[in-house]
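To keep things clear, I will list the structure first and then write my remarks on it.
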Amino acid sequence: MTTVLLTAVLLGSIALQALMPGRRLVIVLTGAGVSCLIGAVTNVAPTSRVLAEVPWDVLVMLVGLGLLTELLAASGMFGKLAVWLTRVSGANHALLVVMFCAVMYLVSGLVNNLTALLLVLPLMLVQFRLLGVTQRYLTWSLGAMLVACNLGGAATPIGDFPAILLLGRGAMDFNDYLTRAAPATAVALAAFLVLVAATARPARDVPRSRVSARITVATMQALHRGLKLDIRALVPGGTALVAMMAAWISLPASTGVRPELICWLGVSAALVGSGRLGERLVRSKVDIEATLFLLALFVMVGTVRATGAFAAMAQDITVLPIPPAAQVVVFLVAAAVLTGLFSAGPSMAALLEVAEVLAARHPPAAIYVGLAMSVCAGSSLFITAATSGPLTQALVERAELRGADGNWLRFGFVDFMPVGALGFGVILCVGIAVTLLQL
Amino acid sequence: MSELLPKGLEDAFLSAAAELGMCSAAWLFVREAEAEGKDYLMALRDALGRTFPVLDAVAGARLEGAEVPALDAVALDTALEGIRRVVVVGVEAAQLDALVARRGTRKLALLTEAALATDWKRVLANFSGAVEAVDLATFQGWAGPRSALLTFAYGVSGESTHVAPVWLRVAGTDVRTQFGALIAWDVLGLPMFVYPRWLVEVPTSTFTHLLP
């Protein structure tokens with residue numbers, strides 16, 4: 001009965017927050033409180049134990065990496081980057097899509113992709129207005145960029161929450177994850193972009209004009225003519241990031257200096273080095289919403305874990321009357337679909353418990369990287385599956401873009417579906433292939 | 001729209017004009033169109049001139065061989081002599097850059113109000129903190145006998161000139177007495193031939209200084 005109740009609270013909260021994203025924080029925090037109450041009253045999961053088992057290391061890394069991203073953003077580097085991309089691409093429509101995707105993939109592997117998007121996207125939308133684009137181009141270029149962001153986030157152990165969770169919980173070490181996930185995500189991105197270029201051809205109905213391209217490049221440069229890189233933010237932020245990467249790669253776990261401690265010290269050093277800006281960022285830029293959301297999820301998942309439900313679920317998969325490799329495929333497909341419906345945070349927090357059981361029967365790295373790829377595929381399925389989707393939608397609406405035919409351009413749920421379906425299929429196929437090759 | 005130019009160029013010009021100013025954006029569009037050939041410049045004037053009178057005037061002048069007018073630094077220094085604080089109303093990139101370059105110890109503020117959608121954060125980022133943002137509720141905090149209100153004018157014809165509409169929201173009778181100088185900087189220096197859309201007509205006597 002307790003298992004049913006706690007599972008119902010977890011699934012109910014996840015479903016409700018997906019249906020009512022405007023109230024998701026209150027919903028999951030209430031769900032977490034109710035879970036603690038049930039766990040405490042039934043003595044299945046006393047609150048003190050549930051809170052003690054929250055992976056605080058993961059939250060430390062999320063907050064720390066978020067602050068480091070804000071520091072790099074304050075340096076003005078993303079504005080410079082967007083102008084550079086426009087100049088180098090010559091404002092060529094097709095080239096812009098590929099270059100923005102490639103750059104956002106790389107950036108998302110190192111810093112919080114939401115902040116990067118928030119800074120790069122408005123510049124991209126200005127370019128679209130200057131260049132003149134069509135609905136097809138807007139849909140596929142922005143959609144491809146979101147998929148690239150998701151892949152970049154999965155490429156490194158510090159790119160996005162699912163990978164950070166694997167690193168923070170010690171499921172995989174930095175190098176092991178990086179060497180397996182980075183090539184897999186790069187292959188998926190290349191395959192996705194080739195398919196987009198071959199089938200959708202985003203730029204095919206965009207009027208081409210050399211004058212328009214010239215004006216776009218010149219205007220972008222003029223709009224940012226005096227923008228200077230803030231060395232006081234860039235140097236400490238960049239140095240800390242490089243030093244942290246070096247420490248993550250080289251320091252063995254036996255030293256006791258774990259990834260979250262490296263992150264804590266590295267980010268602290270960067271903030272100290274940036275003077276007053278560092279203090280201001282800590283006071284105003286910590287992503288409280290994401291932190292509380294994940295804390296609530298960890299609490300709910302922790303209470304369900306205490307009932308043994310996840311172990312039973314994994315057991316159910318392992319007794320399916322199909323070969324072990326097929327069982328893994330079933331798990332990966334289910335993980336991708338669940339992520340599409342419930343988003344990456346909740347899915348990863350719950351599915352990792354199941355993955356740990358499967359990892360005891362198969363090579364752990366194959367299961368974990370496969371899971372990260374599945375979660376990445378699911379994040380790309382619907383515009384609502386990852387936070388960057390609704391953010392992009394809102395920014396496009398605010399930009400009030402019009403197409404060459406004079407109609408307003410939009411980027412909504414239905415518009416994104418073909419891009420999401422293609423991204424989902426490609427990433428999931430690559431993820432399954434990579435996993436099966438390692439079994 | 002002419003066959004030489006793509007559709008949707010109006011939106012492109014509006015985006016540029018919002019953050020560079022009508023005149024600076026016009027010269028940029030004219031320069032880039034002309035780089036492709038004189039036909040393109042004529043097509044640009046035909047396509048956008050009626051909607052954007054400043055662009056029309058600039059394109060017309062360029063077709064007759066005019067160059068980007070040089071900024072009169074001496075006149076600027078003379079008008080700002082003794083002025084310690086300047087509130088700029090409206091945007092013109094070339095003039096703002098010159099103002100910042102010659103500011104010395106003078107404090108500069110930009111009124112972050114406009115008829116066109118403007119990303120003020122991006123506009124101000126070009127000045128590395130040398131220009132502060134003020135809005136309609138706070139700009140009077142900059143008033144004083146050694147303070148000036150400065151706006152950009154688009155051609156002076158007899159007793160009147162044209163300025164950005166936001167000027168009318170700033171320069172009421174009560175406000176005028178609070179500032180030591182009210183300066184109009186004629187950034188166009190040319191007559192406009194089509195109806196001056198996007199701008200409003202004001203008497204030149206509104207201003208204590210008229211910069212060429």
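The values are calculated or read from the model by the stated rules, or taken from the named source; none is laboratory data. Computed from a prediction, not measured in an experiment: that's the story for all the values here. All Cβ positions, glycine included, derive from the backbone under ideal geometry; neighbour counts span all protein chains shown.
Can you go through B:Glu36, B:Glu19, B:Glu10 and tell me which one is closer than 24 Å to B:Val123 by Cα, of a type outside the set (Phe, Trp, Tyr) and within 7 Å of another protein chain (Cβ to nearest Cβ)?
The conditions single out B:Glu19.
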Is it the case that some residue within region A:357-377 is of a type in the set (A, V, I, L, M, F, W, C), outside any helix (DSSP H, G or I), surrounded by fewer than 20 Cβ atoms within 10 Å (Cβ to Cβ) and more than 14 Å from chain B (Cβ to nearest Cβ)?
yes
Meets criteria (out of contact with any helix residue (DSSP H, G or I) (no Cβ under 7 Å at 6 or more places or on another chain) and surrounded by fewer than 21 Cβ atoms within 10 Å (Cβ to Cβ)) for B:Leu14
yes
Long-range neighbours under 7 Å by Cβ, at least six apart or interchain, first residue within 14 Å of another protein chain (Cβ to nearest Cβ) and farther than 16 Å from B:Ala117 by Cβ within region A:400-415, second modelled with pLDDT of 85 or more and surrounded by 12 or more Cβ atoms within 10 Å (Cβ to Cβ):
A:Gly403/A:Val133; A:Gly403/A:Thr134; A:Gly403/A:Gln135; A:Gly403/A:Leu409; A:Ala404/A:Gly132; A:Ala404/A:Thr134
By residue number, the members of region A:39-55 that are part of a helix (DSSP H, G or I) and surrounded by fewer than 17 Cβ atoms within 10 Å (Cβ to Cβ) are A:Ala40, A:Val41, A:Thr47, A:Ser48, A:Arg49, A:Leu51, A:Ala52
Looking at region B:8-30, is at least one residue farther than 27 Å from B:Glu113 by Cα and either part of a loop (DSSP other than H, G, I, E, B) or modelled with pLDDT under 95 (or both)?
no
Test of understanding: among B:Thr204, B:Thr173, which residue is over 19 Å from B:Ala79 (Cβ atoms), out of contact with any helix residue (DSSP H, G or I) (no Cβ under 9 Å at 6 or more places or on another chain) and either at pLDDT below 90 or β-branched (Val, Ile, Thr) (or both)?
B:Thr173
Condition first: away from chain A (no Cβ under 14 Å), basic (Lys, Arg) and not in a loop (DSSP other than H, G, I, E, B). Now tell me which residues in region B:103-124 satisfy that.
B:Lys107
Residues within region A:159-189 that are surrounded by 19 or more Cβ atoms within 10 Å (Cβ to Cβ), farther than 14 Å from A:Ala377 by Cβ and of a type in the set (Val, Ile, Thr), tallied
1
Residue by residue through region B:125-159, note down the ones that are of a type in the set (A, V, I, L, M), within 13 Å of another protein chain (Cβ to nearest Cβ) and more than 19 Å from B:Trp185 (Cβ to Cβ).
B:Ala125
Any residue in region A:364-393 that's within 14 Å of A:Ala163 (Cβ to Cβ): show its pairings with residues that are of a type in the set (Lys, Arg) at Cβ separation under 8 Å, as long as the two are six or more apart or on different chains.
A:Ala365/A:Arg180; A:Val369/A:Arg180
Within region B:68-75, is there a residue that is away from every other protein chain (no Cβ under 14 Å), of a type in the set (A, V, I, L, M, F, W, C), touching a Lys or Arg at 6+ places or on another chain (Cβ under 8 Å) and in a loop (DSSP other than H, G, I, E, B)?
no
Looking only at region A:211-267, count every residue that is among the basic types (Lys, Arg) and either away from chain B (no Cβ under 14 Å) or assigned to a helix (DSSP H, G or I) (or both) and tell me the total.
3
Residue among B:Phe52, B:Phe29 that is more than 9 Å from chain A (Cβ to nearest Cβ) and crowded, with 20+ Cβ neighbours inside 10 Å
B:Phe52
Might you check whether a residue that is within 11 Å of chain A (Cβ to nearest Cβ) and of a type in the set (Gly, Ala, Ser) occurs anywhere in region B:87-100?
yes
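A quick yes/no check of all residues on (1) at negative phi; (2) in contact with a Lys or Arg (Cβ under 6 Å, 6 or more places away or on another chain); (3) not in a loop (DSSP other than H, G, I, E, B):
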{"residue": "A:Met124", "(1), (2), (3)": "yes, no, yes"}
{"residue": "A:Arg129", "(1), (2), (3)": "yes, no, yes"}
{"residue": "A:Ala148", "(1), (2), (3)": "yes, no, yes"}
{"residue": "A:Pro157", "(1), (2), (3)": "yes, no, no"}
{"residue": "A:Leu167", "(1), (2), (3)": "yes, no, yes"}
{"residue": "A:Gly170", "(1), (2), (3)": "no, no, no"}
{"residue": "A:Val194", "(1), (2), (3)": "yes, no, yes"}
{"residue": "A:Ala198", "(1), (2), (3)": "yes, no, yes"}
Determine which member of the set A:Arg204, A:Arg208 is in a loop (DSSP other than H, G, I, E, B), surrounded by fewer than 23 Cβ atoms within 10 Å (Cβ to Cβ) and away from chain B (no Cβ under 14 Å).
A:Arg204
Conditions (1) assigned to a helix (DSSP H, G or I); (2) more than 19 Å from B:Leu28 (Cβ to Cβ); number of the one not met by B:Leu136
(1)
Could you tell me whether region B:151-168 includes any residue that is hydrophobic (A, V, I, L, M, F, W, C), surrounded by fewer than 21 Cβ atoms within 10 Å (Cβ to Cβ) and under 17 Å from B:Leu110 (Cβ atoms)?
yes
Check on B:Val194, in contact with an Asp or Glu (Cβ under 7 Å, 6 or more places away or on another chain) and either outside the structural domain of B:Leu55 (by TED's automatic domain parsing) or assigned to a loop (DSSP other than H, G, I, E, B) (or both)
yes
